[in-house]
Every structure is written in structure tokens, then in C-alpha cells.
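The structure appears below as C-alpha cells.
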Amino acid sequence: MQTDPMPAAAVGLQALPRATKMKTLAGVLLAMFLASLDQTIIGTAMPRIIADLGGFSHYTWVASAYIIASAIIMPITGRLTDMYGRKTFYIIGLLMFLFSSVACGLSQTMTQLIIGRAAKGLGAGMMMATGFAVIGDLFAPAERGRYIGLGSGLFALSSVIGPTLGGYITDTFSWHWIFFINIPFCLALIVMFVLYFPHLRPQLRQHRIDVVGILAMVLVIAPAMLALSWGGGEAGWRQSPIRWLFALSLLMFFCFLVIEYYSAEPIIPLGIFRDRIVAASLGVTLLTGFGLFGSIVFIPLFLQGVMGASATVSGNFLTPMMLGVVFGSIVSGQLLSRAGGHYKLQGVAGLAILALGMFLLSRMNVATTAGQTVLYITIAGIGLGVTMPLYTIAVQNAVPYELLGVATSVTAFFRSLGGAFGLAVLGAVMHTRFSAHLMAHLPSDLGALVPTSPLMGMVSNPQALVHSEKQRLLKAALAQAVPRGAELFEPLLQLMREALQSALSRVFFTGLLVIVAAFVVNLFLKEIPLRRQHAPVATKAGAQGV
């Protein structure tokens, strides 16, 4: 897959007048922002939702259903848009997002909410998978960086706005309105897309949808994501269902490879993975998703559990990081378009900044000041922002134009998959290290008692450091367990803070090692000039080779 040495004529959406392209881009970015905002706006409303609907045991399913559904639909949508055009699938995604928002807002039980969130994940996944591909349609690779950087920045911006907006809506109106607020925006966007979004089909020919391949891919992704969600939580990795889910996913993965190899029009053409640029870019994307997106979840826990900050303050601490992501994404995209398209060199710089941020995070302890914390997480955010647009553009520039959608969506999927793996594995690292440190330093009064008593469940769970009710229960249990248990409460709480700090340092250091691995993989990335025009390649779309 080499770029054509001779410039090609503008094709498809790239041939549109500049004003039309900007209108189309605005609609795409608004839809992407709406989808990404929905992932963060619900977090602050969840305690109120649980209070109204009950079902605390299904708390994580509200997020997991959304994530799993969007992960499944992204590669499927990417390939189908290559076959039938982007417009139809964008409108379908918006309609699904609209109706599922209504369903979520009207939910009377947690089961109804979870089903609604899964449907919403399908709609959001369709929009997100199509969004970056449409930017690829509108602009040639050499010009694309500034706009993909802007799109990446919007994802980070939604993380800043979402929690505050969700809290305000929940407190002012009710949690139902965090879903109903989507309705007018969805309706406006649907009208915009129906009236103004150009409908250009890549090829007016009969296609054969790879239904068997789609089913096999669903049976690869869904069990793996479920196992990661359950295994990384309280269920633990040794439960039989977790093992069976991983075994099913692995078996279906080999079946999927065979199916795709022989398919006339595979849902994911395997040939794209043989390209050195695509393989290296996906490797870096997976590792950065693992290393940072898995680690960032633990920063609020450090702020609350180790430094004693409130939930609101810890959320505010993440704002500088997300603004760093916005800044890094926009600057990186502009540099990529204006400075010659050196995505490998920018990757070296971005991953080095990211590694520095992860190293500084791994050195935090109980004596770390608020100013130092802000500096460290901002550095990590800038590094992440610099890397986010690069590998999407590198992949898009490497594949034939008729595979733009599937290649773009696979890149997004690998980032989500890396985050899921990172959250699960790093969560296991944290719990293992926390328990080991705690048991090794328990006072003699408790050292023999805790492992064989109900106290073990309370002491070994760092959540006791961030919930006042759990602390009250722990103090009461200590008073009943040993004669001077009440006196041991504060020293035990301090020991738990030290254990959590040790555990989170190990988590951030593990994330650092993964980012270093991404840095090494980036060195193998082949850099070729970014095309200044779309160059459709006359290959068999969907063949094994590209």
C-alpha cells in the first residue's frame, strides 16, 4: 500500500466546495461531541439513579452495556459505510441515539436503563465510527490533521463539561433530564444530515454483507469485554464464568480469522493488518489506550483516598488534564498539517511527554502537593493529546480509499479495547498490591485476626477511604473485634492510605512501562508522505490483500 507518486483528482466529499465541507464538518463534530458527552454526563447522576431505581449490584452495567455495545458496532459500521456510504448510517445512529435517550429517561427499573444504555451505545458507536471517516472523506491526509485533532479535542472537552453538566441537571431538574436533553439536539442534527449532508455512495454495485463474519466478531468482542468488566471488578479472575468467556472469545477469534480469510467481502479485510504502518499504528493505539486510559481512572481514587480530597475537588483536578488533551490534540493536528506530516516524529515527542507524565504520577505519595498533582496530570494530558490524532491519520493515509471507514473504525476499536484491558489488568494490580502491603504492615493486634474475620472484606477494600459510611462501619467492627479497636481505627486508616499510595504507584508505573513499549513500537512505524488528494486504489474491496 504505497501512496501514488502522481497527484490524483479530488473525489467524493473532498470535491465539495469549501463552504459545503465546513457545514458538513460542523454537523459531524456536533454529533461526535454529543456521543462523547453522553459517556461522561451520566457519572455524577448515577448515585441519584441508584437511589431512585435501586439495583446497586448492577451499577457497573450501566457503563459496561454502553461501552460493549459501542465497541461491537464500530468495526461493523466502518465496513458497511465503505460499501453503502456514510449518510444513511449516520442518520440511523442519530435515530438510535434519539429513541434510546427517550427510553433511558423513561426507565423505571435498572434493567430498562441498562437495555436503553446498550441501545444508546450502538447509536453512539455508529456516530463515532463514522465521524473520523467522514473527516477523511472531506479532507486529504495532508490537510486532515487539523480537523482530526479538533475532533480528538472534543472528546477531551466532553470529559470536562460532562460531569459538571450532569450534576447541574440532576440537582436542578432530575436525572431523567440528562437523557431528555439529547432530544432537541438529536432532532436538529437529523434534520441537518437529511437536508445538507451529501449522499455519495462509493460504488454503485451489488455487495455481499459478511453476516457470518459479523456474528463471529460479535462473539469475539462481547465475551472478551464482559470477562474484562467482571474480572477486573469484584468478581475476580478465578471465577469459572470469566474463564469460559475468555475461552469462547479465543475460540471465536480463530473462527473469525478463517471466516474472514475466505469471505468475498470480509467485514474486516485481514490484509490491512499486514501493512507495516497499520500494524504499528494499531499497536501504539492499543498500548496507549491500555497505559493511560486504564490509569486515568485511578487518579480520582488517589486524590480522594490518599490526599483526602472530596469527590467534587477530585473531579475538578481532572480538568487541567483534559484541557491538556484538548491543547495537545489541536496543536498536534495543526503541526501535522502544516509541518510536513511527520507523524512518526510527533509520535516520539508525544509518547515521550506521556511517559514523563506517567513517571511523575508513579512518584506521587502522601506528601505530594495539589500544585504538583495538577502539573503531573497536565503533562500526561498534553502527551496523550499529541498522540491521539496521529495514528488515525497514519492508518487512513496507508490504506486504499475504499477501506477508509473500516480502517478508521478499527483504530477507534483498538483504543477502546486497550482501555478495557488496561482498566481490568491495572485494577488487578492495584488490588493485589494494596492487599499485600496492608497485610504485611498490620498491627500485631489485627494481624492474626483480620484474615479470618469479616473485617477482611472491609480492610482489604480501599473504598473505605472514600466513603464515610464505610468508615463508620469499619470503626464499629473494629470496636467489636478487639478490646481497643476504636483506638486502632485512625492508625489503620493511615495504614490503608499508605497501602493505597503504594498500590497506585505500582499501577502508574505499570502504565509507564506500557507507554515505553508503545514508544518502542512507534520507532518501527514507517513514515510516508501524506497524500494531498484522495487516491482511490483499484483493488478488490474486501479482498484479503490490500
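The table that follows gives values for the structure above.
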quantity: Residue identified as under 26 Å from residue 39 (Cα atoms) and touching a Gly at 6+ places or on another chain (Cβ under 8 Å) among 289, 305; calculated: 289
quantity: Output for region 73-115, where each listed residue is surrounded by 24 or more Cβ atoms within 10 Å (Cβ to Cβ) and either assigned by TED's automatic domain parsing to the domain that holds residue 414 or polar (S, T, N, Q) (or both); calculated: 77, 81, 100, 101
quantity: Scope region 304-344; condition in contact (Cβ under 8 Å) with a residue 24 or more places away in the chain, of a type in the set (Val, Ile, Thr) and closer than 24 Å to residue 502 by Cα; matching residues; calculated: 306
quantity: Helices (runs of 4 or more DSSP H) completely within region 372-490 that count 2 or more residues being at pLDDT 85 or above and either within 31 Å of the chain's Cα centre (by Cα) or not small (Gly, Ala, Ser) (or both); calculated: 404-440
quantity: Set 174, 159: member being in contact with a helix residue (DSSP H, G or I) (Cβ under 7 Å, 6 or more places away or on another chain) and among the polar types (S, T, N, Q); calculated: 159
quantity: Test: residue in region 343-363 that is at pLDDT below 85 and hydrophobic (A, V, I, L, M, F, W, C); calculated: no
quantity: Region 177-199: number of residues that are free of Cβ contacts under 8 Å to residues at least 12 places away in the same chain and touching a helix residue (DSSP H, G or I) at 6+ places or on another chain (Cβ under 8 Å); calculated: 0
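The values are calculated or read from the model by the stated rules, or taken from the named source; none is laboratory data. Please read all numbers here as calculations on a predicted model, not as lab measurements. Neighbour counts run over all protein chains shown; Cβ positions are idealised from the backbone, glycine included.
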